[in-house]
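Worksheet: one structure, shown below.
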Amino acid sequence: MNSARRPLIAANWKMNGLKADGTALAGAVAARAKAVGTALAGDILICPPATLIDAVAEALADSPVALGGQDCSAEPSGAFTGDIAAAMLRDLGCSTVIVGHSERRAGHHETDAAVRAKATAALAEGLTAIVCVGETATERDEGRALDVVGGQVLGSVPDGATAATLVVAYEPVWAIGTGRVPTLDDIAAMHRHIRELLAGKVVGGVDVRILYGGSVKPSNAREILALDDVDGALVGGASLKADEFWAIVEAAPRR
Ligand SMILES: O=C(CO)COP(=O)(O)O
């Protein structure tokens with residue numbers, strides 16, 4: 001296993017949390033990470049809602065836990081009411097931003113081209129982009145999952161990305177928040193497919209970290225994270241409880 005692919009366990013809090021509970025949750029994760037220190041098997045990232053980034057940054061100070069946004073604009077600045085520029089995230093201490101989450105692709109009509117533009121804007125500001133891809137239940141039932149996700153990867157990943165600046169998250173839409181997960185064989189096959197595509201698309205693509213997301217919890221994390229081409233997890237619901245999130249962090253193998 002290549003050491004460039006150090007496991008990454010990322011929390012996507014989505015639209016959850018007010019100042020008091022958000023800072024308490026971040027503080028609890030930071031305290032555990034500090035206690036383990038350099039013995040941590042992987043990297044840890046928290047992506048709170050934009051309103052909490054500043055407060056969470058304070059709670060994570062002096063800890064090894066990194067901070068990220070959940071979305072950014074493709075534009076650098078200007079008349080885009082309600083949007084947040086990549087530079088603004090960086091200004092608050094973010095190292096990373098999630099782009100193209102299926103909830104934004106579906107709810108905000110984000111196309112592959114729009115996602116690629118956002119990822120490009122993130123890279124231009126020195127942020128790492130976590131580009132999300134994933135098929136719907138219908139697409140999987142019709143036997144099109146590999147093709148659909150492959151198309152999203154090729155359409156959403158900027159050409160200028162590298163293994164240092166890009167992470168891809170495979171999140172089957174039907175597994176998000178449902179308690180359903182693909183079989184280990186299906187996860188392995190999809191991650192292998194994504195890695196092959198990345199190898200042909202970006203510099204050092206074979207070393208890009210590919211996360212699995214969708215109903216990851218303490219009870220299934222260890223077997224998913226043990227798969228060869230799975231380099232970490234993007235965790236929604238279970239990331240809102242410090243104990244559960246930490247159990248997933250501890251399930252990451254040392255590579
Ligand atoms: O969408 C997800 C992370 O981005 C996954 O959400 P759940 O872990 O709640 O299924």
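The set of residues in the range 162-183 being more than 16 Å from the ligand (Cβ to nearest atom) and under 29 Å from Pro218 (Cβ atoms) consists of Ala163, Leu166, Thr183.
Residue count for the range 59-70, restricted to those that are buried (at least 21 other Cβ atoms within 10 Å of the Cβ) and touching a strand residue (DSSP E or B) at 6+ places or on another chain (Cβ under 7 Å): 6.
Residue count for the range 12-22 satisfying the condition of being surrounded by fewer than 20 Cβ atoms within 10 Å (Cβ to Cβ) and either touching a His at 6+ places or on another chain (Cβ under 8 Å) or more than 26 Å from Gly100 (Cα to Cα) (or both): 2. Of all residues in the range 125-168, those satisfying the criterion of being closer than 20 Å to Gly232 by Cβ and in contact with a His (Cβ under 8 Å, 6 or more places away or on another chain) are Cys132, Val149.
The residue of the range 34-58 that is surrounded by the most Cβ atoms within 10 Å (Cβ to Cβ), among those that are small (Gly, Ala, Ser) and more than 19 Å from the chain's Cα centre (by Cα), is Ala55. Taking the numbered list (1) in contact (Cβ under 8 Å) with a residue 40 or more places away in the chain; (2) within 16 Å of the ligand (Cβ to nearest atom); (3) in contact with a Leu (Cβ under 7 Å, 6 or more places away or on another chain) in turn, Leu127 passes all entries but (2).
Residues of the range 56-90 that are of a type in the set (Gly, Ala, Ser) and not in a helix (DSSP H, G or I): Ala61, Ser63, Ala66, Gly68, Gly69, Ser73, Ala74, Ser77, Gly78, Ala79, Gly82, Ala85.
Contact annotation: residue pairs with Cβ atoms under 9 Å, 6 or more positions apart or on different chains, pairing a residue in the range 18-30 that is among the aliphatic types (A, V, I, L, M) with a partner that is surrounded by fewer than 16 Cβ atoms within 10 Å (Cβ to Cβ), are Leu18/Thr51; Leu25/Lys241; Ala26/Glu58; Ala28/Asp243; Ala30/Ala61; Ala30/Asp62; Ala30/Pro64.
Condition check ((1) away from the ligand (no atom under 16 Å from the Cβ); (2) over 25 Å from Thr120 (Cβ atoms)) across all residues:
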{"position": "Arg144", "(1), (2)": "yes, yes"}
{"position": "Val157", "(1), (2)": "yes, no"}
{"position": "Gly160", "(1), (2)": "yes, no"}
{"position": "Asp185", "(1), (2)": "yes, yes"}
{"position": "Val203", "(1), (2)": "yes, no"}
{"position": "Lys217", "(1), (2)": "no, yes"}
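Residues that are under 19 Å from the mean Cα position of the chain (by Cα), assigned to a loop (DSSP other than H, G, I, E, B) and of a type outside the set (Val, Ile, Thr) were ranked within the range 120-152; the one that is surrounded by the fewest Cβ atoms within 10 Å (Cβ to Cβ) is Gly126. For the range 219-247, the set of residues classified as surrounded by fewer than 16 Cβ atoms within 10 Å (Cβ to Cβ) and within 12 Å of the ligand (Cβ to nearest atom) consists of Lys241 only. Figure legend. Inter-residue proximity from the range 93-114: first residues in contact (Cβ under 8 Å) with a residue 60 or more places away in the chain, second residues assigned to a helix (DSSP H, G or I) and within 16 Å of the ligand (Cβ to nearest atom), beta-carbon distance below 7 Å, spacing 6+ or different chains. Indicated pairs: Ser102/Val173. Any residue in the range 196-222 that is on the phi > 0 side of the Ramachandran plot sitting within a Cβ distance under 8 Å of a residue that is of a type in the set (Ser, Thr, Tyr)? List the pairs, counting only those 6 or more apart or interchain. That search, which allows pairs on different chains as well, returns Gly204/Thr162; Gly214/Thr178; Ser215/Thr178. Under the condition of being more than 16 Å from the ligand (Cβ to nearest atom) and either surrounded by fewer than 22 Cβ atoms within 10 Å (Cβ to Cβ) or within 22 Å of Asp159 (Cα to Cα) (or both), the residues counted in the range 78-119 number 23.
Every number in this text was worked out from the coordinates using simple rules, so none of it is lab data. Fair warning: this is a prediction, and the values are worked out from it, not measured in the lab. Glycine gets a Cβ as well: all are built from the backbone with ideal geometry, and neighbour counts include every protein chain shown.
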